[in-house]
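**Student:** My structure is below; once you've seen it, I'll send some questions.
The values are calculated or read from the model by the stated rules, or taken from the named source; none is laboratory data. Remember, it's a predicted structure, so these values are computed and weren't measured experimentally. Cβ atoms come from the backbone with ideal geometry, glycine included; neighbour counts cover every protein chain shown. Just the protein is used for accessible areas: all its heavy atoms, side chains included, with ligands, DNA and RNA removed. Shrake-Rupley method; radii C 1.70, N 1.55, O 1.52, S 1.80 Å.
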Amino acid sequence: NRRHKKDANILEIPSIPNPFPELCCSPFASVLSASLLPKATSRKKQVVKVYSEDDTSRALEVPSDITARDLCQLLILKNHYIDDHCWTLFEQLTHTGLGRAIEDHELVMEVQSNWGMEEESRLYFRKYYAKYEFFKNPVSFFPDHMMSFSSETSAAISHSGILQIFLNSSTYPEIHGFLYAKEQGRKSWKKLYFFLRRSGLYFSTKGTSKEPRHLQFFCEFSNSDMYMSLAGKKISGSPTNYGFCFKPNKSGGSRDVKQLCADDEQSRTCWMTAVRLLKYGMQLYQNYMQPYQGRSGCSPLNMTPMRSISENSLVAMDFSGHRSRIIENPTEALSVAVEEGLTWRRRGCLRLNSHGSPTAMPNIGMSIHRSQSWFHHKISRDEAQRLILQHGLVDGVFLVRDSQSNPKTFVLSLSHGLKIKHFQIVPLEDDGKLFYTLDDGHTRFTDLIQLVEFYQLNKGVLPCKLKHYCARIAV
């Protein structure tokens, strides 16, 4: 009875409200409220394998929603490369000899999810100088004979205005011209007249007629990716080496690929650039503008990297006399810089002998170039062309290689006007000294590094200056 009475008194005590109810626990409740727990992230991690030009590879654990640009930035940081906004992720289908530059905004995992089980596919990390070159130099990408405009568009339109029509206008410039198309299920190719419009790609069944009754639908692009043929005639048996194709994202195999072939590189470049602009539109322009966002003084379609304030405050100085002076003439500043470089190289080619006096290294000019990124030892002409093509046919893309026809000479392979040209570098001997020349001895250089640096500053006998070199980087 006493115990019962005691329990009754306890029950009669009024309950005090708990100011921290979330700290109370019951056998059926968690210790902490779910609202206080950190939310689990929904970003899953996946492993992606990336290759470089020398076939070295690197596996990276990245978020499943990483874009191609973000993956390139990650590789740039990990390898301590200089970010010049030309690094690009490539998709290469080895079995079919196809490849394409993945757009900066595309999701890497989505690209990999479209790979078929029978395909040997890889991701490559390299520089691609032609990625946004059509924004800077549209004249080379859109020849007048391949374009026509609607009646409401003015006939006298500039090339920068063409880009505005591609990006902003509801009307689309019509691209037209002859292409070779591979017939479905056959090995034969047929030359047809094609038209590119917003609704897709069409060909005429009657010559060059563009009447609706003569136009037949070929393919559309929303659910397809465009690839360049890297193998030329070897795999597909195409009439020329300027092939490209459209491959559906969820393809059932090579039978669904629509293969085309152009007569020359300018025609192929125009078709592929126009399809990119048609498919992605303003997204391409935003990708191009992203590295320069927030910089003042940048014109929309003539974008060049801005110099920093510290760079703009630099001046050329001459310290050769008793008193230093500012060099105001740009030509004089350039000649002084070249002379200083040559003086530095002459000093670098000297070595102290056993008595402590400098002696010249006799064979320094014959091997000093082998450590340079632009030099490729014993690669063929076809390999050189393939390497330059993969880096983009922009004026000034170059490499130096050994000559296969003459073992004592070298070859400068250079891109200009959407073509790859080859110039022989000939060694000359004069008074026991070895020189290198591109113009039959009129301009002589003590080594290949001096030659390359000269033509990076001067056009000389070349069609353009040397701007971008092709390098076999490692990841």
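**Student:** Between residue 456 and residue 65, what is 0.36 nm times their sequence separation minus the Cα-Cα distance? Round to one decimal in nm.
**Tutor:** Length difference between fully extended and current span is 136.7 nm.
**Student:** Residue 263 label point, 7 Å along Cα→Cβ, cut-off 14 Å on backbone N: hits in the stretch 220-240?
**Tutor:** Answer for the stretch 220-240: 240.
**Student:** Could I have the simple spin-label model distance between residue 183 and residue 95, label points 7 Å from Cα toward Cβ, reported in nm to one decimal?
**Tutor:** Inter-label distance under the simple model: 2.7 nm.
**Student:** Could you list the residues of the stretch 100-129 with an amide nitrogen less than 16 Å from a label point located 7 Å from the Cα of residue 56 in the Cα-to-C-beta direction?
**Tutor:** From the stretch 100-129, the list is 124-127.
**Student:** Between residue 216 and residue 325, what length in nm is gained on full extension when 0.36 nm per residue of separation is reduced by their alpha carbon distance?
**Tutor:** Taking residue 216 through residue 325 to full extension adds about 32.1 nm, to one decimal.
**Student:** Grab the other residues whose beta carbon is less than 12 angstrom from that of residue 441, score K and R as +1, D and E as -1, and report the net.
**Tutor:** That works out to -3.
**Student:** Let me ask you something else. Please give the per residue accessible area of the stretch 425-475, computed with a probe of 1.4 Å over protein heavy atoms only, in Å².
**Tutor:** Value for the stretch 425-475: 53 Å² per residue.
**Student:** Let me ask you something else. State in Å² the accessible area per residue of the stretch 45-127; use a 1.4 Å probe, count heavy atoms of protein chains only, and round to the nearest integer.
**Tutor:** 46
**Student:** Going highest first, how would you order 203-210, 54-61 by mean Cβ packing within 10 Å?
**Tutor:** Answer by packing, highest mean first, reads 203-210, 54-61.
**Student:** Please report, as a whole percent, how much of the solvent-accessible surface of the stretch 421-475 comes from carbon and sulfur atoms (probe radius 1.4 Å).
**Tutor:** Whole-percent figure for carbon plus sulfur exposure: 47.
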